[in-house]
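Written out below as structure tokens is the structure these notes cover.
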Amino acid sequence: MKIFQTDEIRNVALIGAAKSGKTTLSEGMLFEGKMITRKGSVDDKNTVSDYRQIEIERHISVTATLMYTIYNDKKINILDTPGFSDFTGDIVSAVSVADTAIFNVNSQAGVEATTENAWRQAEKCGTPVVFFINHLDHHNANFDDSVRQLKDYFGDKVTIIQYPVNAGEGFDTVINLIDMKMLKYKQGGGIPEILDIPANETDKARKLHKALVENAAEGDESLMEKYFENDDLSIDDTRLGIRLSMTQRGMFPVFCGAAKHGIGITRLMDFIVNSCPCPIHSRGRKTTSGKEYNYSATDPASLFIFKISNEQHLGEVSHFKVYSGTLIEGQDLINPRTGNKERISQLFVVNGKNREKVDKVIAGDIATTIKLKEVRANDSLFDAKIADAPFEEIPYPEPVFSTAVKAANSTDDEKLGSILQEMHRNDPTVVAGMSRELRQLILQCQGEYHLNTIKWYFDHLHKLDIEFFSPKIPYRETITKPAKADYRHKKQSGGSGQFGEVHLMVQPYVEGYKDPTDFPIRGKEEHKLPWGGVLIFSNCVVGGAIDARFLPAILKGVMERLEEGPLTGSYARDIMVYVYDGKMHPVDSNELSFKLAGRQAFITAFKNAGPKIMEPIYDLSVRMPEDMMGGVMTDLQGRRAVIMGMDSDNKYQIINAKVPLAEMDKYSTSLSSITSGRGTFKMKYAEYMQVPTDVQVKLLKDYEEKLKEEE
Ligand SMILES: Nc1nc2c(ncn2[C@@H]2O[C@H](COP(=O)(O)OP(=O)(O)O)[C@@H](O)[C@H]2O)c(=O)[nH]1
Ligand SMILES: [Mg+2]
């Protein structure tokens with residue numbers, strides 16, 4: 001395998017909605033680059049990209065695949081990404097390391113939800129974008145409409161470089177506006193026949209050429225001057241201007257084709273080689289300390305791991321991009337996150353599941369390695385001479401979907417936990433953790449389809465039966481007025497018995513509270529509760545009715561029921577307890593008796609003190625196209641939402657609301673179906689608020705039933 005220098009490398013990510021033809025395009029690029037001798041097809045389940053069992057079964061890409069092809073002596077690294085927004089994690093990681101993102105657009109569908117979501121990821125990462133309008137061989141393909149939509153959504157920097165002459169069945173000819181030629185392809189692909197533009201197309205072609213050149217000239221001042229002088233640019237200057245505009249995200253070129261029939265592919269590849277930025281002309285990567293690495297091949301080596309996949313027979317494969325230096329097989333690097341030394345024992349370039357060993361990888365290239373000791377996606381590795389802070393991480397999206405999960409067989413719980421941890425290292429958009437409060441393992445991800453693939457991995461790879469269910473809601477309990485109660489715990493069993501009697505009063509804790517005056521306060525302790533709020537515990541016992549040594553036991557009894565609130569078993573908070581009287585037995589009194597008496601007295605007092613249940617309220621912000629606002633609003637009203645305000649953002653509306661967490665189970669699925677995948681939302685904890693009476697009644701009943709079941 002030839003080693004390619006930095007300026008001989010192009011890194012592209014194929015992005016777009018499911019079925020827009022990304023995998024087909026990548027197969028075509030491999031074929032045109034002679035990496036494969038026969039083109040596979042998604043329908044025959046034999047593409048290089050969709051090689052994983054789950055992808056073959058489901059007929060779609062579920063994870064990004066790294067491939068490469070060689071064209072005009074340049075190496076084009078291709079990251080073929082999945083099309084569903086549930087896999088945004090892989091889309092953003094690809095966009096984060098690619099020097100150009102090629103957005104596939106299905107000309108029958110135009111801008112789809114994924115196109116838009118992925119656009120925002122590319123914007124966040126500062127990645128240049130090229131559009132490839134595909135599927136132009138369908139009878140209802142509509143190039144003009146697709147371009148109109150692109151401009152509508154992404155602005156007038158969307159610039160046509162090619163347009164189809166005969167879109168629809170038999171489509172094979174396009175006009176290329178850089179060199180002003182007509183290209184006629186053979187069905188199946190290859191290099192097109194180059195023809196003059198026919199007379200009936202010249203006006204349109206000239207007009208679009210002018211728009212293209214004008215936009216290209218804006219990439220650079222000296223080009224602008226040349227353009228003013230000559231009213232045109234040479235082909236080389238146009239290409240240079242396009243590249244400069246693209247890298248500033250000042251131009252989003254539009255290409256066209258029918259990937260399935262090989263139409264438009266070689267010219268797209270010409271463009272990638274001639275005009276798309278090589279790493280040197282692309283943005284580098286900054287470290288968290290602010291230093292930028294810009295692919296200098298003579299500096300010490302640095303790399304960034306953007307993806308880890310688990311491959312059959314290989315184990316964990318780390319995918320990385322080299323940001324400086326030349327990486328050599330056998331080299332030791334330092335991971336600044338762990339401080340560990342990692343040996344790069346083998347280096348591979350890969351084409352889907354096929355890999356080829358190489359002995360070095362130059363700055364700007366993307367490659368893989370195996371057998372690293374302890375790495376995760378987002379890790380950086382540096383030559384020991386560098387000793388820098390890690391590279392800035394990929395801006396993965398926040399989770400939008402939560403579920404509780406357990407192993408069908410509880411003896412597998414530990415295994416479940418460790419598999420989830422491993423999944424998180426490979427796909428940081430899978431987040432799992434034990435909630436101490438809910439006593440549930442909570443799994444968060446990007447939606448139900450994502451969850452579904454996670455389940456597939458458990459079923460097929462790990463052979464572990466797991467179950468999902470709704471997470472509990474972390475309610476809180478508190479009281480609204482003072483109340484007193486006493487309890488005598490007494491037990492006579494053979495030898496020594498148990499005896500403890502506690503009289504106590506509870507009162508809500510509010511700022512500026514007043515202590516009761518019925519008894520003296522002899523000692524007061526304030527306990528900040530680990531789950532928020534306080535307990536103030538006062539000793540008001542007079543005349544030695546209860547020995548001071550039993551008070552800690554009473555406190556313990558109270559604490560136990562704060563941790564498992566008397567109403568629903570949720571945490572209780574903001575309560576003051578005054579122990580003001582009681583009784584002891586000279587022989588039978590002990591700590592256990594007082595703990596039990598304290599606990600029971602507290603439960604009774606609590607229940608008489610106007611107890612209420614508080615629920616977590618979240619700030620919700622939903623973004624959707626204007627015309628879908630009605631549906632989103634109606635749905636929110638059914639979720640007890642309080643609308644706080646509205647904003648608009650271009651053709652989008654943003655609804656800000658406060659919603660109870662209890663009403664938001666599977667919201668991402670509902671929003672997605674109401675808005676055909678166009679709606680997005682963010683949620684953030686805001687405060688606790690009292691639940692409405694009907695909800696409280698239901699929660700109390702549910703808890704009673706649960707206790708009965710447990711008896
Ligand atoms: N007619 C036609 N079909 C296409 C074209 N490109 C892709 N397809 C088909 O569209 C389907 C989805 O293609 P695929 O490459 O898997 O799309 P992806 O989900 O974006 O990777 C497959 O059945 C392809 O054969 C095209 O240009 N024309
Ligand atoms: Mg695909």
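Cα centroid separation, the range 401-461 to the range 495-526: 44 Å. Across the chain, the relative contact order, built from alpha-carbon pairs under 8 Å that are at least six residues apart, equals 9 percent.
How about the range 158-222: which GluC sites (Glu not before Pro) there are in a DSSP loop, with at most 10 other Cβ atoms within 10 Å of their Cβ?
Numbers: sites: Glu169, Glu193, Glu201, Glu214, Glu218, Glu221; in loops: Glu169, Glu218.
Counting only loop positions with at most 10 other Cβ atoms within 10 Å, the GluC sites (Glu not before Pro) in the range 158-222 are Glu169.
If you fit an axis through the alpha-carbon atoms of helix 113-125 and take the longest principal axis of the Cα set of the chain, what angle between them do you get, 0 to 90°, nearest 10? Once rounded, the angle reads 90 degrees.
Output the relative contact order of the range 613-694, whole-number percent, from Cα pairs under 8 angstrom with separation of 6+ residues.
Numbers: 141 pairs, mean separation 40.0, N = 82.
Once divided by the residue count of the range 613-694, the mean separation gives 49 percent.
Which values, in whole Å and largest first, are the semi-axes of the equivalent ellipsoid of the chain obtained as the square root of 5 times each eigenvalue of the Cα gyration tensor?
On the way: eigenvalues 802, 160, 105 Å².
Listed largest to smallest, the semi-axes of the chain are 63, 28, 23 Å.
Taking Cβ atoms as reference points and 13 Å as the exclusive limit, the residues near Ala404 contribute a net charge of 0, counting Lys and Arg as +1 and Asp and Glu as -1. Look at the alpha carbon pairs under 8 Å that are at least 6 residues apart: their mean separation over the length of the range 180-264 gives a relative contact order of 31 percent.
Anything over 21 Å Cα to Cα? Flag those among Lys406/Lys463; Lys260/Lys357; Lys19/Lys184, in the order listed. Distance filter (> 21 Å) returns Lys260/Lys357; Lys19/Lys184. The separation of the range 258-297 from the range 542-573, counted between C-alpha centres, amounts to 66 Å.
Grab the DSSP H runs of the chain that are 4 residues or longer, score each as -39,500 (n - 2.57), total them, divide by all residues and round the 222 nm result to the nearest 500 deg cm²/dmol. Mind dumping the intermediate values first?
Values: 16 runs with 197 residues, N = 711.
Value at 222 nm, helices only: -8500 deg cm²/dmol.
Sorted fewest first by neighbouring Cβ atoms within 10 angstrom, Thr669, Thr326, Thr693 come out as Thr693, Thr669, Thr326. A cut-off under 13 angstrom between Cβ atoms defines the neighbours of Asn230, and their net charge, with Lys, Arg +1 and Asp, Glu -1, is -4.
So what's the net charge close to Glu329: Lys and Arg +1, Asp and Glu -1, counting the other residues with Cβ under 11 Å from its Cβ?
Numbers: positive: Arg343, Lys357, Lys360; negative: Asp359.
Surrounding charge for Glu329 is +2.
For the pair the range 622-676 and the range 185-235, the centres of their Cα atoms are 45 angstrom apart. Shown for His585, His209, His313: other C-beta atoms within 10 Å of each C-beta, ranked fewest to most, produce the order His313, His585, His209.
Coordinate-derived values only; no laboratory data. From a predicted model like this one, the values you see are computed outputs, not experimental measurements. All Cβ positions, glycine included, derive from the backbone under ideal geometry; neighbour counts span all protein chains shown.
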